[in-house]
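The structure appears below as structure tokens.
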Amino acid sequence: MKKAVVVYRSHSGVTRRYGEEIGAFLQKHGIEAGVASVGDCDFATLPDADYLFLGCWTSGMFVVRQHPDEPWLAFVREMPQTKRPRVGLFTTYKLATGSQFTKMRAALAGKTNAPEIELKSRGGHLSAANEAAIVAFLG
């Protein structure tokens, strides 16, 4: 059975819910999925994962200067280099994601394989388009 690790940083619970929905969707598709916050993630789970989903709420000034927050960035800095899993990013936002994914990718450079999927949600729920993108990503 393939394994996935879904790691999130949530400010108000919306990104946590989104990460949990991603994990539940993966399980419905036969993937063993563990979901954890950046503060609770066990780095030892990463080398065995086939898929790694990393998510953070969009911090910034609503329409400009979006970025992942410091606890997410600290998690990435401490995370060991992980080359095996295929990587996906996800975020939640109020008005726009702007440069969020660009800054997440930059923080991950050299730590993981290049992310292959970017998922976003305003309300923290998987849309039909998100589900289709995940199915395509799983191949």
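All of the numbers you see were taken from the coordinates with simple rules; none came from a lab. Values in this document were obtained by computation on a predicted structure and should not be read as measured data. In this analysis, Cβ positions are derived from the backbone assuming ideal geometry, glycine residues included, and neighbour counts consider all displayed protein chains.
Any idea which residue in the stretch 95-109 is nearest to Lys3 (Cα to Cα), counting only those that are touching a residue at least 24 places away in the same chain (Cβ under 8 Å) and of a type in the set (A, V, I, L, M, F, W, C)?
Of the residues in the stretch 95-109, the ones touching a residue at least 24 places away in the same chain (Cβ under 8 Å) are 95-100, 103-104, 107-108.
Still in the list and also of a type in the set (A, V, I, L, M, F, W, C): 95-96, 104, 107-108.
On the way: Leu95: 33, Ala96: 31, Met104: 22, Ala107: 24, Leu108: 20 Å.
Taking the candidates together, the pick is Leu108.
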Tally, over the stretch 1-58, of residues that are farther than 13 Å from Ser121 by Cβ and of a type in the set (Lys, Arg)
4
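Hey, could you check the stretch 115-132 for residues that are surrounded by fewer than 17 Cβ atoms within 10 Å (Cβ to Cβ) and without any contact (Cβ under 8 Å) to a residue 40 or more places away in the chain and say which is farthest from Arg77 (Cα to Cα)?
Taking the stretch 115-132 first, the residues surrounded by fewer than 17 Cβ atoms within 10 Å (Cβ to Cβ) are 116, 118, 122-123, 125, 127-129, 131-132.
Retained after the next criterion (residues that are without any contact (Cβ under 8 Å) to a residue 40 or more places away in the chain): 116, 118, 122, 127-129, 132.
On the way: Glu116: 20, Glu118: 20, Arg122: 27, Ser127: 31, Ala128: 33, Ala129: 31, Ala132: 31 Å.
If we take residues in the stretch 115-132 being surrounded by fewer than 17 Cβ atoms within 10 Å (Cβ to Cβ) and without any contact (Cβ under 8 Å) to a residue 40 or more places away in the chain, then Ala128 is farthest from Arg77 (Cα to Cα).
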Count - residues of the stretch 94-121 that are within 13 Å of Gly55 (Cα to Cα) and outside any helix (DSSP H, G or I):
7
In the stretch 66-92, the residues that are part of a helix (DSSP H, G or I) and of a type in the set (Gly, Ala, Ser):
Ala74
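If you go through the stretch 46-65 one residue at a time, how many are of a type in the set (Ser, Thr, Tyr) and either part of a loop (DSSP other than H, G, I, E, B) or surrounded by fewer than 16 Cβ atoms within 10 Å (Cβ to Cβ) (or both)? Quick ask: steps written out before the conclusion?
Taking the stretch 46-65 first, the residues of a type in the set (Ser, Thr, Tyr) are 51, 58-59.
Next, from what is left, pick out any that are either part of a loop (DSSP other than H, G, I, E, B) or surrounded by fewer than 16 Cβ atoms within 10 Å (Cβ to Cβ) (or both): 58.
Matching residues across the stretch 46-65 total 1.
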Considering only the stretch 19-31, I want to know if a residue exists there that is surrounded by 22 or more Cβ atoms within 10 Å (Cβ to Cβ), out of contact with any Cys (no Cβ under 7 Å at 6 or more places or on another chain) and in a strand (DSSP E or B).
no
What are the residues in the stretch 1-16 that are touching an Asp or Glu at 6+ places or on another chain (Cβ under 7 Å), more than 11 Å from Thr45 (Cα to Cα), charged (D, E, K, R) and surrounded by fewer than 24 Cβ atoms within 10 Å (Cβ to Cβ), if any?
Lys2
Picking from Thr82, Thr112, Thr58, Thr92, the residue that is without any contact (Cβ under 8 Å) to a residue 40 or more places away in the chain and either within 13 Å of Val5 (Cα to Cα) or under 14 Å from the mean Cα position of the chain (by Cα) (or both) would be Thr82
